[in-house]
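Below is one structure, written out as structure tokens; the observations come after it.
The values are calculated or read from the model by the stated rules, or taken from the named source; none is laboratory data. Just so you know, these numbers come straight off a predicted model, no measurement behind them. All Cβ positions, even for glycine, are placed from backbone atoms using ideal geometry, and neighbour counts span all protein chains on display.
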Ligand SMILES: [Zn+2]
Ligand SMILES: [Zn+2]
């Protein structure tokens, strides 16, 4: 009998439901299930934390209803409630999500999203895992706090499977089956927005619904609905730029590209030191050397293995922080630019001790919530201290061109999406040396 009732109730019916128990978490969880068919308004619904699974008729054995027992008891109209809870299991997907207060991702089964008029749905082929994801899941992390759950993962690449009703009019270049990546900052691109209209869309104060995977549903899932404005067609095939590499290009390559090219303006005559040769640092070395042609690139890291990879990535020299002063003196080197990809007091102090007078320290790492520096030393060295955030749409197009030409070859290991929690554990335990992308 339930199978015939697979349709949504109108929004007006929701507000008439009795309120027996509400909490932010339960409401938002429920809202997630029903999004975008109808939004659940605060205190409009009853919810019990444990779902009972009610099998459907024999023709739909693979489906199930998730029904709140408390909701059923509280309702005068059982059929309305079953109808309300029924719509999603037909076309579901796995997603790993942020929940307020949880310290790791939560695995959930969600409906495959339907596109809003200006969105496309992409089948995710790879979702990168970034150190920022650990900070998002760290209650004392420096990235932020959210009251609503969302699917994690801000580096995504995939194939367009559905177009919203306005997409062909608004974004005529976007087609079904197109191989694409996503600009995670999700800028508004409105003409009245000063950052967006002046090519600084990474600083858009009005990203619609938040950044993908950081406040709004991202890419640790099988599908994702993405605004057409945030889609970047990948200029080649998955054989040439793999989905995992494409996903990484959107952050782990874009972020150092924006810093080195746009913010610092690295010149061929520059000596550039990359402090921290993990996943981002290796890409920074390739950009400084392979794209911007810096004459001398020094990779610096405490880990011997990272130094080996830095050398393979094109660094002219590699050195540990302890050996740095002796090494620089012996080689008569003094960096014009130090890019601090670590972001701790120790890394900043190291940068300050070696950067050339009138040089520049650029901060990309966020491991410590703050650092201090002695003003006298910064002032008397005539230094510039800069920082930057993520990157812009035009730069991401350039990053894909550089990747297609082989100037940047990000290293990435792939793991099944289902291993998400294990991968996060390995990150926490410091067992991950480079970058990982989750593959649904
Ligand atoms: Zn990131
Ligand atoms: Zn904007």
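What to note about this one:
- As for region 372-389, it holds no residue that is on the phi > 0 side of the Ramachandran plot and touching a strand residue (DSSP E or B) at 6+ places or on another chain (Cβ under 7 Å).
- Members of region 389-404 that are outside any helix (DSSP H, G or I) and surrounded by fewer than 19 Cβ atoms within 10 Å (Cβ to Cβ): 389
- For region 245-258, the condition holds for no residue, the condition being that it is over 18 Å from the mean Cα position of the chain (by Cα) and not in a strand (DSSP E or B).
- Residue satisfying condition, being outside the structural domain of residue 147 (by TED's automatic domain parsing) and either within 16 Å of ligand 1 (Cβ to nearest atom) or in contact (Cβ under 8 Å) with a residue 24 or more places away in the chain (or both), within set 225, 294, 221: 294
- The set of residues in region 346-365 that are in a loop (DSSP other than H, G, I, E, B) and either in contact with a helix residue (DSSP H, G or I) (Cβ under 7 Å, 6 or more places away or on another chain) or outside the structural domain of residue 272 (by TED's automatic domain parsing) (or both) comprises 364, 365.
- Positions within region 322-339 being more than 30 Å from the chain's Cα centre (by Cα) and not in a helix (DSSP H, G or I), in sequence order: 322, 323, 332, 333, 334, 335, 336
- Among the residues of region 409-440, the one identified as assigned to a loop (DSSP other than H, G, I, E, B) and within 16 Å of residue 96 (Cα to Cα) is 440.
- Just one of the listed residues (247, 221, 252) is in contact with a strand residue (DSSP E or B) (Cβ under 8 Å, 6 or more places away or on another chain), away from ligand 2 (no atom under 16 Å from the Cβ) and more than 28 Å from residue 344 (Cβ to Cβ), namely 221.
- Residue count for region 135-162 satisfying the condition of being near ligand 1 (Cβ under 10 Å from one of its atoms) and more than 14 Å from residue 223 (Cα to Cα): 3.
- Residue 212 vs. criteria outside the structural domain of residue 314 (by TED's automatic domain parsing), without any contact (Cβ under 8 Å) to a residue 60 or more places away in the chain, buried (at least 19 other Cβ atoms within 10 Å of the Cβ) and farther than 30 Å from residue 352 by Cα: yes
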